[in-house]
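See structure below.
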Amino acid sequence: MMTPKTRLRILFTASILLITGCQQQAQRPCPYAEDKTQGANAGCLVTRGDDVLIITMRLTGKQSLPGGTSDTGESPRCTAYRETYEETGVKVTVNNLLTQLDNGFQLYQCTPQEAEPVLETQDWKEVSDVSWRSWLSLDKDNWRFPEQFTQTRNIIRENISGISKQLE
């Protein structure tokens, strides 16, 4: 039979494990913090040959590129950097601005900082899956923002380096 003191120790230990196990891995401070560009929602286009880094939203099952809302005072490049890490677990270098969509979302060309990055969302409440997908498999009906699909897909096509670029 367990004593009340033993039960309390077990409960305390389980609580500590639960709290520390659910914490997000710390992201390094944004290397683009000195960027004076005004804040905007932003994200990354990360490619690998013919494949694109895609997230699947938990609530809707829709796919999109990693990205999201800027924090107060955060530059768009920092938003793209932070959101990509939170949603995919991939630390990136944020390169050039590819486009600004009609709603103001800024899409940057980004490259992984590791040769074989581990895909693991830090935002499991919002993202159910992170994967490399062929750009040819992307579908407007399954895209989170269908009104931006054609423009986004054209940008993806322009920025992939694999052989399927000539297939369409």
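Taking θ as phi - 60° and the Karplus parameters 6.51, -1.76 and 1.60, the scalar couplings of region 128-145 work out to 9, 8, 10, 7, 8, 10, 5, 5, 6, 8, 5, 10, 4, 5, 10, 8, 4, 10 Hz in sequence order, x denoting glycine and proline.
When a/c is below 1.5 the answer is rounded, else prolate if a/b is larger than b/c, else oblate, so apply that to region 65-119 with a ≥ b ≥ c taken from the square roots of the Cα gyration tensor eigenvalues. In terms of gyration-tensor shape, prolate.
Close amide H contacts of Glu126 (hydrogens built in the peptide plane, cut-off under 5 Å, sequence separation of 5 or more or a different chain): none are found.
What pairs from Lys36/Lys62; Lys36/Lys140; Lys36/Lys91 go past 27 Å between their alpha carbons?
Details: Lys36/Lys62 33 Å; Lys36/Lys140 35 Å; Lys36/Lys91 22 Å.
In this structure, Lys36/Lys62; Lys36/Lys140 lie more than 27 Å apart at Cα.
Full extension of the segment from Asn96 to Gln38, taken as 0.36 nm per residue of separation minus the current Cα-Cα distance, would add 19.3 nm. For region 36-44, backbone phi angles converted through the Karplus equation (6.51, -1.76, 1.60; θ = phi - 60°) give residue-by-residue couplings of 8, 5, 5, x, 7, 5, 8, x, 10 Hz, Gly and Pro being listed as x.
Cβ crowding within 10 Å, taken as a proxy for footprinting-reagent exposure, orders Lys36, Lys125, Lys140 from fewest neighbours to most as Lys36, Lys125, Lys140. Scanning residues 5 or more positions from Leu45 or on other chains, those with amide H under 5 Å from its amide H are Tyr108, Gln109, Cys110, with H placed 1.01 Å from N in the peptide plane. Taken about its Cα centre, region 31-151 carries a charge dipole of roughly 120 debye when the Cβ of each Lys and Arg holds +1 and the Cβ of each Asp and Glu holds -1. Near Ser134, the amide H atoms lying under 5 Å from its own belong to Val52; only residues 5 or more places off or on other chains count, and H is placed 1.01 Å from N.
Phi-derived couplings, Karplus 6.51 cos²θ - 1.76 cosθ + 1.60 at θ = phi - 60°, listed residue by residue for region 147-153: 5, 9, 4, 4, 4, 5, 5 Hz, with x used for Gly and Pro.
Which FRET efficiency value, to the nearest 0.05, do you get for Leu59 and Ser131 by plugging their Cβ-Cβ distance into 1/(1 + (r/R0)^6) with R0 = 25 Å? Write out the running numbers ahead of the final one.
Working: r = 18 Å, r/R0 = 0.71.
Step by step, r from the Cβ atoms, then E = 0.90.
For region 31-151, a Kirkwood hydrodynamic radius built from all Cα pairs, placed in the Stokes-Einstein relation at 20 °C and 1.002 mPa s, yields a translational diffusion coefficient of 150 µm²/s.
Read the figures in this text as sums done on the coordinates, not as results from a lab. Keep in mind it's a predicted model, so treat the numbers as computed, not measured. Glycine gets a Cβ as well: all are built from the backbone with ideal geometry, and neighbour counts include every protein chain shown.
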